[in-house]
1. Looking at region A:124-167, which of its residues are of a type in the set (Asp, Glu) and not in a helix (DSSP H, G or I)?
2. Answer yes or no: is there a residue in region A:173-187 that is hydroxyl-bearing (Ser, Thr, Tyr), modelled with pLDDT under 95 and in a helix (DSSP H, G or I).
3. Counting only residues that are surrounded by fewer than 12 Cβ atoms within 10 Å (Cβ to Cβ) and aliphatic (A, V, I, L, M), how many does region A:49-62 have?
4. Tell me the residue from A:Ser337, A:Ser269 that is without any contact (Cβ under 8 Å) to a residue 40 or more places away in the chain, farther than 25 Å from B:Leu13 by Cα and surrounded by 12 or more Cβ atoms within 10 Å (Cβ to Cβ), please.
5. Give the residues of region A:16-30 that are touching a residue at least 24 places away in the same chain (Cβ under 8 Å) and either part of a loop (DSSP other than H, G, I, E, B) or more than 15 Å from A:Leu111 (Cα to Cα) (or both), sorted by residue number.
6. May I ask you to list the residues in region B:28-48 that are facing another protein chain (nearest Cβ under 8 Å), surrounded by fewer than 17 Cβ atoms within 10 Å (Cβ to Cβ) and over 16 Å from A:Asn313 (Cβ atoms)?
7. Name the residue, out of A:Ile162, A:Ile84, A:Ile174, that is of a type in the set (A, V, I, L, M) and in contact with a helix residue (DSSP H, G or I) (Cβ under 7 Å, 6 or more places away or on another chain).
Amino acid sequence: MEEEENNPIKYFTLLETLSSIQKTLLNRYTSSFWVKAEIMRLNHYVYSGHSYPDLVEKVENKIVAQTRALIWKDDYNRINNKFISITKEPIKEGITALLHCRISFDALYGLSLRILDIDPLFTLGELEKERQETIKKIKKEGLWDKNRKLKMPFLPKRLAIISVETSKGYSDFINIIKKEEPHYKIFTHLFPSLLQGDNAVESMIMALDTIEIVKNHFDCVLIIRGGGGDIGLACYNNYNLVKRIADFPLPILTGIGHSTNETVSEMVSNKTAITPTDLADYIISSFRTFDQTLKEINQKIFNSASKRIERENQTLNHFQQILEILDPKNLLKRGYSISYIDNKIVKTASEVEKGETLITLFADGKIISRVEDIEKLNKI
Amino acid sequence: MKTETYTQKFEELKKIVKDLEKGDIAIDEMTEKIKIALSLIQECKQSLNTVNEDISKIIEEIYLANDDY
């Protein structure tokens, strides 16, 4: 106690110190301003509704600046809704964003940036940039056409499906396939995966890894998503996922159901249908087409066989006519007669000599006569 | 009766018709040949009919198997 009383040093309490800093900062930073930063962690607490993001700036992947930030519940909801309506993505970790901030300094919690707003157009540009970069890289690596060039089997009978069992898209798809079951046997196996949001990339790649191990049991892979709206589709532009799809040994078909820009995953996949229902119709239609082709072949076989038989019949009829014409009986009936000498038909007058015996046939009998005279025509 | 194929019968028929058209055949033989030829025609037509019916039956079976949906 004595010591304290005698201490000549003047000091501030911590609260006084921090309050002073707070005062100085607030005097210096009177208005809000825009900051470009990457949201490394979002730290959004569902229960309180507040978010305490970690903001960083990186240079060549090294963090060169870092601070805490905060978004109060009401701000968070307003910003997030606006964000979703414009970028089709919620606010998420890993994006670089343009943040409308105010300096906040609290004696208890220290320095942080209070985020009042986030510019969705800037992030939209960033997302589009990622999309374009993925396209560029995949093309450069020669993978752009790779999956699309794989030949779809004539009848895709064994389908590996990446989807969520409880999703509307999956049940729509399975219902259509099952309806055809009595006629077309199609085997499906589900490889469950997240289909939207940040974790979807890793999840889908894992599902594809599993399918590759058993690829000999499948004809193609279907990525089916539906009922999720347009939100959270940026993952389909992720380079790692797009590369896995483009380079996959089986044809990949997508039915991820949305109306905005086509994602890069869809661009590189073998076949894209807008909705899971369209995808199911496509699968079924290849069976129907094959069925129709078989029927047509059937008809062709029948037609050509019938034609052939008809032709043979005509030839036979033609022969029959010839035979009737050639049949001497018919000649005789018409009043002609046939003469023989020594059982040989007499065809010319020159081969007959005077005194020879002719046997002449008529329809109703024959006469035997002797040649009295021969008159030849000068030239026939 | 010999079991000749349609082709064999048809070839035989063709030969007879050709010989007859050439002439030179004794009248008794001619009548005999024509008789043979006409019966060959009948046999051939019968074969064609059977084939035709068989094909129709097969095609119909395939259609029935396919149209059960």
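The values are calculated or read from the model by the stated rules, or taken from the named source; none is laboratory data. Just so it is clear, the structure is predicted and the values come from calculations on it, not from any experiment. We place every Cβ from the backbone using ideal geometry, glycine too, and count neighbours over all the protein chains shown.
1. Taking region A:124-167 and keeping what is of a type in the set (Asp, Glu), we get A:126, A:128, A:130, A:133, A:141, A:145, A:165.
A:Glu141, A:Asp145, A:Glu165, listed by residue number.
2. Of the residues in region A:173-187, the ones hydroxyl-bearing (Ser, Thr, Tyr) are A:184.
Keeping just the survivors that are modelled with pLDDT under 95 gives A:184.
Restricting the remaining residues to those that are in a helix (DSSP H, G or I) gives none.
The answer is no; no qualifying residue exists.
3. As a first pass, look at region A:49-62 and keep what is surrounded by fewer than 12 Cβ atoms within 10 Å (Cβ to Cβ): A:59-62.
From what is left, the residues that are aliphatic (A, V, I, L, M) are A:59.
Summing the residues that are surrounded by fewer than 12 Cβ atoms within 10 Å (Cβ to Cβ) and aliphatic (A, V, I, L, M) in region A:49-62 gives 1.
4. Details: A:Ser269 fails: without any contact (Cβ under 8 Å) to a residue 40 or more places away in the chain.
Among A:Ser337, A:Ser269, only A:Ser337 is without any contact (Cβ under 8 Å) to a residue 40 or more places away in the chain, farther than 25 Å from B:Leu13 by Cα and surrounded by 12 or more Cβ atoms within 10 Å (Cβ to Cβ).
5. A:Tyr29 - this is the single residue of region A:16-30 that is touching a residue at least 24 places away in the same chain (Cβ under 8 Å) and either part of a loop (DSSP other than H, G, I, E, B) or more than 15 Å from A:Leu111 (Cα to Cα) (or both).
6. B:Thr31
7. Numbers: A:Ile84 fails: in contact with a helix residue (DSSP H, G or I) (Cβ under 7 Å, 6 or more places away or on another chain); A:Ile174 fails: in contact with a helix residue (DSSP H, G or I) (Cβ under 7 Å, 6 or more places away or on another chain).
On inspection, the qualifying residue turns out to be A:Ile162.
Conditions tested, residue by residue: (1) out of contact with any Leu (no Cβ under 7 Å at 6 or more places or on another chain); (2) at the interface with another protein chain (Cβ under 10 Å from one of its Cβ atoms); (3) surrounded by 12 or more Cβ atoms within 10 Å (Cβ to Cβ); (4) in a helix (DSSP H, G or I).
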position: A:Phe290; (1), (2), (3), (4): no, no, yes, yes
position: A:Lys295; (1), (2), (3), (4): yes, yes, yes, yes
position: A:Phe302; (1), (2), (3), (4): yes, yes, yes, yes
position: A:Lys307; (1), (2), (3), (4): yes, no, no, yes
position: A:Gln321; (1), (2), (3), (4): yes, no, no, yes
position: A:Leu331; (1), (2), (3), (4): yes, no, yes, yes
position: A:Ser350; (1), (2), (3), (4): yes, no, no, yes
